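All remarks here apply to the structure that follows.
Rule-based calculations on the coordinates, nothing more; no lab input. Note that this is a predicted model, so its numbers are computed, not measured.
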Amino acid sequence: MMCDPTLKNRIKRAQGQMSGVLNMMENDSTCMDILTQLKAIRSSVDKAIGILTTSNLIQLIEESNDVKLSNIDDAINLVIKGIK
């Protein structure tokens, strides 16, 4: 499967956020601040899962049927938003 570079960047950003949470824990940040960051990370990962899943589905359909799907961005965004 071909992964979009923006998806890789999204995962790298989540990885950086996790490092930030560890730093927050080491610096005795408040529970609420840590929780807020963890919820942001979870949301980011959920969106990455949606993007990965829909991208894979599109690639499989295109390869299996020798077609090029277009004008489906709105439908994909609805699927991704519905994952949460």
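Could you work out the helix-only [θ] at 222 nm for the chain, with each DSSP H run of four or more residues adding -39,500 (n - 2.57) and the total divided by the number of residues, to the nearest 500 deg cm²/dmol?
Rounded to the nearest 500, the figure is -28000 deg cm²/dmol.
Taking N as the number of residues in the chain, what is its alpha-carbon radius of gyration divided by 2.2 N^0.38 Å?
1.40
Between E26 and K81, what length comes free when the chain is fully extended (0.36 nm per residue of separation minus the Cα-Cα distance, one decimal in nm)?
16.4 nm
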